[in-house]
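Notes to accompany the following structure.
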Amino acid sequence: MVNQVTLNVQGMSCGHCVSSVENSVGKLDGVNEVKVHLESGKVDVSFEEDKVSLDVIKETIDDQGYDVV
Ligand SMILES: [Cu+2]
């Protein structure tokens, strides 16, 4: 089952932040698509609920040094 969420993430300020988040989340098994919107601080994620949980996605962003609010 595909789920689609938009997360609010604080601390992303440049292209490097965008790639850190997009690459780390994009690497997770079960994530179909991840798109960072730098200006609004939003991250769209499309993922397979039976393969990866939202918690793991949030943790992965957190591990890169950003805050999911
Ligand atoms: Cu940055």
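The values are calculated or read from the model by the stated rules, or taken from the named source; none is laboratory data. From a predicted model like this one, the values you see are computed outputs, not experimental measurements. No Cβ is skipped: glycine too gets one built from the backbone with ideal geometry, and neighbour counts run over all protein chains shown. Just the protein is used for accessible areas: all its heavy atoms, side chains included, with ligands, DNA and RNA removed. Shrake-Rupley method; radii C 1.70, N 1.55, O 1.52, S 1.80 Å.
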If I filter segment 9-56 down to residues being among the charged types (D, E, K, R), within 16 Å of V68 (Cα to Cα) and open to solvent by 80 Å² or more (accessible area, probe 1.4 Å), which single residue comes out as farthest from the chain's Cα centre (by Cα)? E39
So how many residues does segment 9-44 have that are among the polar types (S, T, N, Q) and more than 16 Å from the ligand (Cβ to nearest atom)? 1
Need pairs with beta-carbon distance below 8 Å; first residue under 21 Å from V56 (Cα atoms) and within segment 13-27, second more than 7 Å from the ligand (Cβ to nearest atom) and part of a helix (DSSP H, G or I); sequence gap 6+ or separate chains. V21/I61; S24/T60; S24/I61; S24/D63; V25/I57; V25/T60; V25/I61
Here is a list: D50, D29, D62, D44. Which entry is among the charged types (D, E, K, R) and part of a helix (DSSP H, G or I)? D62
